[in-house]
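The values are calculated or read from the model by the stated rules, or taken from the named source; none is laboratory data. Here the structure is a predicted model, which is why all the values come from computation and not from measurement. Note: ideal-geometry Cβ built from the backbone for every residue, glycine included; neighbour counts use all protein chains shown.
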Amino acid sequence: MSAEILAPCGSAKALEAALRSGCDAVYLGLSRFSARGKAENFSEEELVRAVYECHRRGVKVHLAVNTLVRDSEMDDCVRAVRFAAKTGVDALIVQDLGVLSIARELFPELEIHASTQMTVHSESGMKTVTELGCTRAVLSRELPLEVIKRLSQTGIETEVFVHGALCMSVSGQCYMSAFIGSRSANRGLCAQACRLPASADGSEAHCLSLKDVSLLPYLRELEAAGVSSFKIEGRMKRPEYVAMAVDSCVKALNGESYDLKALGDVFSRSGFTDGYYHHRLGNEMFGVRTGEDAAAAAKVFPAAHELYRRDEKRSRIAVAFKMTKGSAMSLTLTDENGLSVTAFGALPESARNRPWDEELVRSKVLKFGGTIYEPVSFECEIEEGLAQSPAKLGELRREAVEQLDRQRAKANTKTHDPACEPHMMHKTHKTEEKAGCSERRIRIKIRKLTQLEGLDIGDIELIGVPLALLQKAAELVPADKISVIMPRFTFDEPSLGEQIKAAKDMGIRHMTGENIGHFSLAREYGFELHTDFTLNIANSYALEQAARLGAADCVLSPELTAAQIGDIKKCVPSGIYAYGRIPLMLTANCPIRQQLGCRGCKGFITDRTKRSMPVRCDKKNGYAEIFNSDILYTADRLSMFSAADFLLLDFLDETAEQINAVVGDFKKALRGLPPKAKPSNVTFGLYSRGVI
């Protein structure tokens, strides 16, 4: 089976452009719970019409319900999922573990696709989403062909972005828009901070702005690798862009030539890149949208509009006309799938002038130009001497077409009734709330071995240590105090196996999970799993699902307010990110390396407001993290987090002496005493102001 071409539809006009240009499937969103909240999107009534228009053409509809959902919003989200299932969408695209859990429970036969915001990029990630009941994974955009090929052989479908915008951050791992502007990328309201000026040398460069990806020359190679779906980005784009991208994909997949210049003119950021696909990173992958780009787009829009002025032929039909004395004339249409309809018209009359014959009927009835149908055969049975008004043939054809449209839509629409009601399966975990809250535990994460030298570990429950530092860290800290921090992203997960086994041999039993795949790895190697904030646990159902997957406890999303954290019903202990420079971006393309090279690295970039954001590389695993300029600090407001079972303190460059001071502050705060070592450049993050 050929890979599908999946088109973005942020509006009814874009849907029309996609359908008339030859796509195999579309993805769109309702007015809420879609990762493109600023798109025009679809009302419930418009969704019903969209499903009909797609299904009569044999085109699938994937509904994006791919934002993080709060507990207070879950009832509305469940109603949206119910409506989508009743309407007959073909699949849901989901990020939130809680939404996924409820959808799977309510509608076990409805396909669920793991959104790219679930950060699926490894074999273990594929294993976990398969266990969750997903039938497809939308892979991270940073993967080269060899990884895509491996993941496409793991048992479920893969979907790959082949054209459109590239975020600087790995999808689902960007918190920059949220922390800078209270607009969460994980809730569909990204402010596109990566398109603003930022540099490693103090200039007005744009070291976070990538060119758009275009993998059209490699579609047949990707299809041979086992990819099931070619996804075009662009639910915020104009219909002309959608039409041009779909048309170009169709031609590329068929081995036909397409107009690359026109494709770039309709929208690009100084051209396209295929750097991730070939794993060739660097300055040539970066670009911005210029005035020249916009001017070129205006010139090409009229030609792009021509691509969807007429409907795409979607069905080859057999046509049969019958006209006999005493019976209503009839027209039968039969499509390539054997679906057949018969429309009946007026009774024939005796001919006063020229009687009807096959030539006359053929000339009138085979006019399917404005429809999705292409006649491939024609049968005609007419008794001699009969006639009718020629206008009646047009009416008969239109009636038959409408009937076949309805039949095809019905045949391609599978609706779903809920199998049960959603419920919490686990017993609620209760946090102790005694005077001083002394029961809450302190955990830390370090990034350098020197941070362990002279560290007072007496009141620290767990110390997160990166996998690469374990060997020497185990000489400084007891194994039962260590939690191995897994890489947030990796291009070569199979090579991690030996390191994980070595950690087990050292007596280490705790693992800090940084992505969806670590649920599987922790079980496989027998570790107790503690998930980090990067799993984006934002509601009670997500916490429950994480527990089902094996998490002993979870750090909740730092995009929640303190009040929202308090609302979460807990089946396992949960904690908060209480101290540290939040990693605002996880990227496979270091912004410093592309601008200055590794030798010129100063360890930070500067944004347009002159804020300095540290950058740290994990060269072994091929990614970099961009950290907040300010330190999130909660020791002076711990009373707001009475529901937290533990506090995570995350240290980047602090010395062991500084770590001891910060830990001491939090120990005092837990006893109700005022802290003393509060840094100067601090933020309370989103715990009060929240995100939209």
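Results for (1) more than 21 Å from Y27 (Cα to Cα); (2) of a type in the set (F, W, Y); (3) surrounded by fewer than 18 Cβ atoms within 10 Å (Cβ to Cβ), shown as yes or no for each residue.
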site: C190; (1), (2), (3): no, no, no
site: A198; (1), (2), (3): yes, no, no
site: L216; (1), (2), (3): no, no, no
site: A225; (1), (2), (3): yes, no, no
site: F230; (1), (2), (3): no, yes, no
site: M244; (1), (2), (3): no, no, no
site: S248; (1), (2), (3): no, no, no
site: T273; (1), (2), (3): yes, no, no
site: E292; (1), (2), (3): yes, no, yes
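Among helices (runs of 4 or more DSSP H) entirely within region 445-539, having at least 1 residues that are touching a residue at least 24 places away in the same chain (Cβ under 8 Å) and over 18 Å from G550 (Cβ atoms) singles out 470-473, 496-505. Output the residue which, of all residues in region 540-555 that are free of Cβ contacts under 8 Å to residues at least 40 places away in the same chain and either out of contact with any Pro (no Cβ under 9 Å at 6 or more places or on another chain) or aromatic (F, W, Y) (or both), is surrounded by the fewest Cβ atoms within 10 Å (Cβ to Cβ). My answer is G550. Between L216, L210, L260, L222, the distinction of being closer than 30 Å to E146 by Cβ and modelled with pLDDT under 95 belongs to L260 only. Among the residues of region 301-339, count how many are of a type in the set (D, E), surrounded by 15 or more Cβ atoms within 10 Å (Cβ to Cβ) and more than 14 Å from A400 (Cα to Cα). Number satisfying all stated conditions: 2. With the condition kept exactly as written, say whether any residue in region 17-29 is in a loop (DSSP other than H, G, I, E, B), within 19 Å of the chain's Cα centre (by Cα), hydroxyl-bearing (S, T, Y) and not assigned by TED's automatic domain parsing to the domain that holds A562. No, there is no match, as no residue in region 17-29 is in a loop (DSSP other than H, G, I, E, B), within 19 Å of the chain's Cα centre (by Cα), hydroxyl-bearing (S, T, Y) and not assigned by TED's automatic domain parsing to the domain that holds A562. Just one of the listed residues (G202, G172) is at positive phi, outside any helix (DSSP H, G or I) and at pLDDT 95 or above, namely G172. If the condition is being over 22 Å from A114 (Cβ atoms) and of a type in the set (K, R), then region 19-55 contributes R20, K38, R49. Among residues of region 367-400 being closer than 22 Å to T324 by Cβ and assigned to a loop (DSSP other than H, G, I, E, B), the one that is nearest to the chain's Cα centre (by Cα) is P390. Within region 600-607, is there a residue that is surrounded by fewer than 18 Cβ atoms within 10 Å (Cβ to Cβ), farther than 27 Å from S557 by Cα and of a type in the set (D, E, K, R)? Looking through region 600-607, at least one residue is surrounded by fewer than 18 Cβ atoms within 10 Å (Cβ to Cβ), farther than 27 Å from S557 by Cα and of a type in the set (D, E, K, R). Between F42, F33, the distinction of being in contact (Cβ under 8 Å) with a residue 40 or more places away in the chain and outside the structural domain of R523 (by TED's automatic domain parsing) belongs to F33 only. For region 340-357, taking the residues that are in contact with a helix residue (DSSP H, G or I) (Cβ under 7 Å, 6 or more places away or on another chain) and buried (at least 16 other Cβ atoms within 10 Å of the Cβ), the one that is nearest to A400 (Cα to Cα) is identified as A343. Kindly indicate whether any position in region 474-484 is under 27 Å from E142 (Cβ atoms) and within 32 Å of the chain's Cα centre (by Cα). Yes, because at least one residue in region 474-484 is under 27 Å from E142 (Cβ atoms) and within 32 Å of the chain's Cα centre (by Cα).
So is R79 touching a Leu at 6+ places or on another chain (Cβ under 9 Å) and either charged (D, E, K, R) or touching a residue at least 24 places away in the same chain (Cβ under 8 Å) (or both) or not? Here the answer is no, as R79 does not meet what is asked. Total residues in region 619-637 satisfying the condition of being surrounded by fewer than 20 Cβ atoms within 10 Å (Cβ to Cβ), touching a residue at least 24 places away in the same chain (Cβ under 8 Å) and out of contact with any strand residue (DSSP E or B) (no Cβ under 7 Å at 6 or more places or on another chain): the figure is 4. Give me the residue from region 540-562 that is closer than 30 Å to V682 by Cβ and assigned to a loop (DSSP other than H, G, I, E, B) and, out of that set, farthest from the chain's Cα centre (by Cα). My answer is T561. Return a yes/no flag: does region 563-579 have any residue that is of a type in the set (S, T, N, Q), surrounded by fewer than 21 Cβ atoms within 10 Å (Cβ to Cβ), assigned to a helix (DSSP H, G or I) and within 26 Å of the chain's Cα centre (by Cα). Yes; the residues of region 563-579 include at least one that is of a type in the set (S, T, N, Q), surrounded by fewer than 21 Cβ atoms within 10 Å (Cβ to Cβ), assigned to a helix (DSSP H, G or I) and within 26 Å of the chain's Cα centre (by Cα).
Hey, does region 79-97 have a residue that's of a type in the set (A, V, I, L, M), assigned to a loop (DSSP other than H, G, I, E, B), buried (at least 21 other Cβ atoms within 10 Å of the Cβ) and in contact with a helix residue (DSSP H, G or I) (Cβ under 8 Å, 6 or more places away or on another chain)? For region 79-97, residues of a type in the set (A, V, I, L, M), assigned to a loop (DSSP other than H, G, I, E, B), buried (at least 21 other Cβ atoms within 10 Å of the Cβ) and in contact with a helix residue (DSSP H, G or I) (Cβ under 8 Å, 6 or more places away or on another chain): present. Summed over region 110-147, the residues that are assigned to a loop (DSSP other than H, G, I, E, B), at negative phi and touching a residue at least 60 places away in the same chain (Cβ under 8 Å) give a count of 11.
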